[in-house]
Amino acid sequence: MTTVGLQTSAATTSRSAPGSLPRPVPAASRWSWLHEVDAVLLLAVTVLSVVGTVLVWSATRERLVVAGQPPQTFLYKHILNIGVGVLCAGVAMKLPYRLLRVWAPVIFGVALAGLVAVLAVGSTINGSRSWIQLPAGFSLQPSELAKAAVVLSVAAVLSMQPTLLRRGAPPDPPDHVPHRNVMAALALCGVVMVLVIAQHDLGTTMVVAAILFGMVAVCGASLRWTVGMLVVAALAGTLMISTGALDDYQVQRLTAFANPGADPRGAGYNTAQARIAIGSGGLTGQGLFHGPQTQGRFVPEQQTDFIFTAAGEELGFIGAGGIIALLGLLLVRCCRIAAKTTDLFGRLVVVGVVCWFGFQTFENIGMCLGLMPVTGLPLPFVSYGGSSMFATWFALGLVFSVAHHHAITTRPGD
Amino acid sequence: MSQVTHKTRSSRRLLVLQVLVVSLLLTLAGRLYYLQIHEGQRYAQAAASNRIRQVITPAPRGDVVDRNGVKLVTNTTSLVVSVSRTDLNKQPDGGQQLLASLAYLLGKPVDEVVGRTKLCGEPGAPPSPRCWNGSPYQPIPVAVDATPEMALQVLERREQFPGVTAQLTAVRSYPSPWKVNAAHLLGYVGPITEQELQRRQQQAVQELARAGTALDDQTQALTLSQQIRGTDLVGRAGLESQYDDEIRGSPGVRSLAVDHDGNVTGQADEIEPVSGNTVVTSIDARLQAVVERQLASAIPQTRTRLDHTTGEPLKADAGAAVVLDVTNGQVLAMASYPTYDPKVWVGGISSKQYAAITGQEANFPMISRATQGQFAPASTFKVVTMPAALQGGDYPLDARYDCSGTYDIPGRTVRNFESLAYGLITLEKAINISCDTIFYRWAYEMYQRDGGMYVPNPAIVDTPQALQAARQADARDPMMTMARRFGMGQPTGVDLPEEAKGRIPGRAWKLGYWLDTRADYCTAASAGYPGVAATDPTRAAYLQQLARENCASGNIYRPGDAVNFSIGQGDVLATPLQMARVYAAIANGGTLWTPHVARAILTPEGQVVRTIAPHADATLNLRPDVLELLRRSLVSTSIRGTSSSAFAKAHFPLWRFPIATKTGTGEVYGKQDTAWMASYAPADNPRYAVLVMISQGGSGTKAAGPPVVGIYQHIFGVNSRGWVDSDWALYPPSGPSQALPRLTGSTSAPQSGQRPRSPASASRSGP
C-alpha cells in the first residue's frame, strides 16, 4: 500500500507518470500540465466537439433560414460556447487542487443561489422552468452548474476526515466512510433535488440522483446505502407517477416512448420522428447536410436534446456508433483516472463526473433510440447549449486536475 | 485525508461501475444497430412517406353536348372562397367572429356559412349535404359565386380573415341553350360518399402503381383519402351519374417533397390529370326547349279547368313529356315537371334550396316523372291489349263488336266511359272512341278461357309451387304476355339511373303482394280504421270491407282484375318512357328499341372513344293485319276520335302530317285522373313518338293534347293557324341527322330567340 502525504501542486518539475505509460519528459514550462493530460481522453473530447459542431450546423441552418436568420447563427454561438467551455476547463485545472475542497462550499452556494433565482425570475422552456434570460439573447441554466457543484461538494463531504475535527481520536479504518458523511451528502443532494424538482426539471433531478448514487457506491460506504438508494429511487419513481406529482406532460413524455404511435402528432411525435430519422440513416447515412429528416426539420429540438438523430440520419451507423464509441472511450478513460487516483476526494470527483456524463449519454441517446423516456438532457460535448457546454468542460477540467494532482504526487523520487 | 488503494472495496465498486457504463453503451450500440441496419429499410420508407405529400389535381369533368354539339353541361371558372379549419381553430373564439364577418361580406346567412365549415357528423353540424364531407385539413369552400370585389376584400384584409382564400376554380356550369333545363336528364354533381370513395381509392392506388410510385399501402391510402375526399364531386343523378366514369377523367397526382411545416421543397413526380370525356347525347337542345316549354305551359292551363266529377280545379301536380326517335330508340327530348335548377348544387346547396327541391311541398322535383314516375296508363294501354285479344284470343278483325254502356261480370257491373252506349262498332271505331266495354268482354272471355278464377289451394299459398302455378297461369294470359312483350313491367334499359319498372299485376303479382300485406289487411279487417272513422265513417266502413276482402282472398285474380287490366286501369303501372316506347314500337313495325340518351363518348379533342349503337330489345311479331289495323285506328283517332279536338283547335294540317294518337284518362283512387296522350308521326313514315302525361290533369285530350300538338307544330314547322313553313321546322322531312357532331371547340349555342321560333300556343289560338 502506497501512502503518500498531501502535497501541493506547487512542484513544477514534470516527470512521467508512474505505471504502464512512461511519458517523455520535456523541459519545464508553463504548458507542462499538458503533458499530464490523458491524451486519449483529450482526443476523444476534441473529436466529439468537432462532430457536435458539424451536426449542430447541419441541424440548425435550415431552421434558421426558415426563421429568416443567418444560417450560421447557431454554428457561431456553438463555437463560442466551446471556447468558453475550454476556458472553464482551464479554470478548473488551474484551481489549486487542495483548494477545491475549500471552493466546494462556495460553488455549492452559488449553485443554490442560482437554483433559487431561477424559481423567482426564470423562464419556462418545454415545461421546465430552468432558464435565466440574460441580455443579448443569452441564457443561463443554473441546474447545469448545480451538477458540477454536487460533484464537488458530495466528494468533499464523503471524503471528510472526522479525525481532522476530533483531534486525538484514532483514525477511521481505510475504506470506511462514516454514516454521517453519507447522510450529509444525502442532505446536500436532497436540497438540490428539491429545488430542481421545483423547476419541473426531471432530467437534472435524475442526473443528480445518478451522481449521488455512483459516488456513495464507490466511496466505500456500507453496501446498505447503495441498496437503500436503489429502493428509494424505485419507490419515488412509482409514487411520483401514481400520485400525479408529475405533470401531465412529463408522464406523457415518459410513456410516449413505449408507444409512439398512440399520439404521433402529440407526445409521441418527437420519439417517432427521432426514430424515423435515425432508422433511415442505414449503415453509412444520408450524408452530412443531406438528411431529408434533418434538413426538413422533422425532429423538434434537434440541435439540443435530439442532436444524436442528426448523427444517425446523416452519418449512419458508422458515424452514430462512432459517437457512442467516443463517449464510451471518454468514460472508460475517466474511470481509469479514478481507479489510479489514490486520493478519495479526487476519485469521487471523477466518479461523479463519470456518473453524470454516463447517465446523460445513456438517457439522451436512449431517448433518441426509443429506449428511454424523453427528458431534456443534452448529449455531453455534442449538443448545442451554453450552460451545459460550460458545465461539462468545467467537469472535464476537474478530471484533468485530479489526474494531474495524482501524477505529481506519485512522482517517483518525491 | 483518507487514502484508498487498488485493492479496496472502493476499487471493486469502481470496476462494477465501469462495467455498468460499458454495458449500457453497448446496449445503445445494439439498439442503434437494430434501428439502422435491421429495421433500416422500414424506416427509410417511413421517412419517405413522412416527407412526400401527394397532391391530387382534379381532372376537369367532361362536357355533355346535345346531338348537334351544343353544350348542355360544361365547366366554367368561378371565384371560390374557402376557409381553413386549422386557422379557424387557432382563433380565440373558434372562428365565430371571423365566419360572421365573412358571411356578412358574402351576403349569406351566418348559420349557413358556419354549418358549411362543420364536419359531417360532428356536434352542431347540419345534415349532409350542407356539412363538410371532406378532410378537416383541406380548405372548405363556403362560396363558389363570389364576386371579384368580395375576393379582393378577403385577400386584402388578410389579418381580418386569416386562413380565408379566394381563387379561381373550375365548377360545373349549365349553359342552358334556348333556356333548356333538362335537369332530370343531365343530373348534377355532389360530394363523394364513403362507398364511392373506397371504390375510387382502389382505382387511384392502381393508377399510382401503374405510374410506378412505390409507397407503402397504408400511407398511400391515407394520403389519397385526404386528397380525394370532399374536393372531388361525382355524378349524383342523370347522365352525370350514369356516365360518371367517362365524364370524370382521371385526376393527376403530384408527389411533392415537403419539410416539417409542409413547405414544398421540391417535386418528386407528376402525373398530369386527364380531362373527362364528352358525352354526345341524342337530345336535341332545341326540341328539348320546346318540349319543356310545352309541358310547363300545359300545367297552368290545365289548372284553369275543373275536374269533371268533383267540380274542383284540376291540380295538375306533375307531368312528363318524352320524344323518341322510333327508328332507333334515341331520346330526342325528355322533360319532367316539377323540375329544379341543377345550378343549385354547384358548390354546395343551401338549406333553403335543399328543402325546396326535396320537399313534399314542392312535390319532389328531383324525381324524373318520365323514367321514375309510375302511373296507370289507362286507354293508351289499349294498343297492347287489342293485339293481345286479336292474336291471342283469335277475335276477328273485321267483325263489329258491341260497345254497350255497361258490361256484367260476376259480382259487379263495369261501365263504359260515362256509360255511353255506341252499339255495334268496328275495331277502328272502338279505338277512335276508346270503347271500354269491348275490351272488358274480351278480357273476361279470355280470362275464363285461361281457367277463370284461379284459386290456389289454401294449404300451399305460401309455397314456391303456388307462385310457380300463378306464373304459369300468367304466361297463358294473352294480355299479360303481350304487355310483357311490349317491355312493360320491366325497366326499359334507358341509360339513366334508377329507372322504375312499372307493374304488370298478374296472378303471380297478386299472390306475392297479398303475402306481403295479408297481415296488415287482416288486422285492419277486425280492428277497422278508427282514425278514418272519426272524420269519415262511410269511408272507414268501405276501407274495412276492402280490408276484409283482401285479408280473405286478396291473392285471387278476379274477373274485375282482368277487365281493369284490359283498359290499363287497376293495378297496372307504367312509366311515360315505357308507354312512349310502346308507341314507337307500333310506329316502326314492331321493334322494341332500348331507349338511349347517349350516342357516343368523345375525347375532349373530339376523337371518338366509342359509339353507343342502337340496341333492339325484341321484335314484337305483331301480325301485319293487326299492326295495320292498329295504325289505321290511331291515325283516325286524331281525325275523328278522342284526340281530334286538340288538333282541330290548333288547325293542325293532319292531311299533310298524319299523326297517330291515342288518349288516356286514368282513374286513380283518391286522386284526380291522369291525362295521357301518346302518339307517333308522320304516320305514313314514322320517325317521332311523342308522349305527354299530366298527373291529376283530367281528360287526356284536354290536358295532354295541346302540348303534344305543340311539339308537332315545332317539329314540322306549323304555326297556330295551321300554316306550314318549312323554315320553322326543327327537322327536314328526312328527320334528325344521325351524324355525330364535330366538336371543334367553337360549337356554342346560338343566342336564345333565333331558333326555334315560337308559334303561339295551340290552345290559345283555337276558335
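The set of residues in the stretch A:64-91 that are more than 24 Å from A:G397 (Cβ to Cβ) and surrounded by fewer than 19 Cβ atoms within 10 Å (Cβ to Cβ) comprises A:L64, A:V65, A:V66, A:A67, A:G68, A:Q69, A:P70, A:P71, A:Q72, A:T73. Residue count for the stretch B:28-44 satisfying the condition of being facing another protein chain (nearest Cβ under 7 Å) and over 30 Å from B:P251 (Cα atoms): 10.
Is at least one residue of the stretch A:319-338 in a helix (DSSP H, G or I), within 14 Å of another protein chain (Cβ to nearest Cβ) and under 11 Å from the mean Cα position of the chain (by Cα)? Can you show your working first?
Taking the stretch A:319-338 and keeping what is in a helix (DSSP H, G or I), we get A:319-338.
Those left that are additionally within 14 Å of another protein chain (Cβ to nearest Cβ): A:319-338.
Of the ones still in play, those that are also under 11 Å from the mean Cα position of the chain (by Cα) are A:331.
There is at least one residue in the stretch A:319-338 that is in a helix (DSSP H, G or I), within 14 Å of another protein chain (Cβ to nearest Cβ) and under 11 Å from the mean Cα position of the chain (by Cα).
With respect to being outside any loop (DSSP other than H, G, I, E, B) and among the aromatic types (F, W, Y), A:F381 falls outside the description. Highlighted here are the helices (runs of 4 or more DSSP H) found entirely within the stretch B:172-272 that include at least 1 residues which are modelled with pLDDT under 75: B:194-211, B:217-228.
Filter the stretch B:497-549 for residues that are surrounded by fewer than 17 Cβ atoms within 10 Å (Cβ to Cβ) and of a type in the set (S, T, N, Q); which is farthest from B:M366 (Cα to Cα)? The extreme case among them is B:S526.
With touching a Pro at 6+ places or on another chain (Cβ under 6 Å), more than 30 Å from B:Q330 (Cβ to Cβ) and part of a helix (DSSP H, G or I) as the only criterion, which of B:D111, B:D87 stands out?
B:D87
Looking at the stretch A:364-377, which of the residues that are of a type outside the set (A, V, I, L, M) and touching a residue at least 60 places away in the same chain (Cβ under 8 Å) is farthest from the other protein chains (Cβ to nearest Cβ)?
Taking the candidates together, the pick is A:G376.
Taken over the stretch A:275-310, the criterion of being touching a residue at least 24 places away in the same chain (Cβ under 8 Å), of a type in the set (A, V, I, L, M), facing chain B (nearest Cβ under 10 Å) and crowded, with 22+ Cβ neighbours inside 10 Å is satisfied by A:A277, A:I278, A:V299.
Of the candidates B:S379, B:S351, the single residue that is of a type outside the set (D, E, K, R) and modelled with pLDDT of 85 or more is B:S379. Condition (residue is among the β-branched types (V, I, T), buried (at least 21 other Cβ atoms within 10 Å of the Cβ), more than 26 Å from B:D436 (Cα to Cα) and in contact (Cβ under 8 Å) with a residue 40 or more places away in the chain) applied to the stretch B:698-712: is it met by at least one residue? Yes, the conditions are met somewhere in the stretch B:698-712. B:Y137 passes every criterion in (1) at pLDDT 75 or above; (2) surrounded by fewer than 21 Cβ atoms within 10 Å (Cβ to Cβ) apart from (1). The residues on offer are B:T594, B:T575, B:T603, B:T619, and the sole one that is surrounded by fewer than 16 Cβ atoms within 10 Å (Cβ to Cβ) and touching a residue at least 60 places away in the same chain (Cβ under 8 Å) is B:T603. Every condition in (1) closer than 27 Å to B:T437 by Cβ; (2) free of Cβ contacts under 8 Å to residues at least 24 places away in the same chain holds for B:P530 except the one numbered (1). From the list B:A683, B:A704, the one residue that fits, being touching a Phe, Trp or Tyr at 6+ places or on another chain (Cβ under 9 Å), assigned to a helix (DSSP H, G or I) and either modelled with pLDDT of 95 or more or among the hydrophobic types (A, V, I, L, M, F, W, C) (or both), is B:A704.
Can you name every residue in the stretch B:550-562 that is surrounded by 15 or more Cβ atoms within 10 Å (Cβ to Cβ) and either among the basic types (K, R) or over 37 Å from the mean Cα position of the chain (by Cα) (or both)?
B:R558
Of the candidates B:T665, B:T611, B:T661, the single residue that is within 32 Å of the chain's Cα centre (by Cα) and surrounded by fewer than 18 Cβ atoms within 10 Å (Cβ to Cβ) is B:T611. Taken residue by residue, the stretch A:351-363 has no member that is more than 9 Å from chain B (Cβ to nearest Cβ), over 20 Å from A:A391 (Cβ atoms) and either in contact with a Leu (Cβ under 8 Å, 6 or more places away or on another chain) or not in a helix (DSSP H, G or I) (or both). For the stretch B:114-134, a residue qualifies if it is part of a loop (DSSP other than H, G, I, E, B) and at pLDDT 80 or above, and the qualifying residues are B:T117, B:K118. Exactly one residue out of B:A47, B:A59 is aliphatic (A, V, I, L, M) and facing chain A (nearest Cβ under 7 Å), and it is B:A47.
The values are calculated or read from the model by the stated rules, or taken from the named source; none is laboratory data. Everything numeric here is computed off the predicted structure, so don't read it as measured data. Here Cβ is always computed from backbone atoms with ideal geometry, including for glycine, and neighbour counts include all displayed protein chains.
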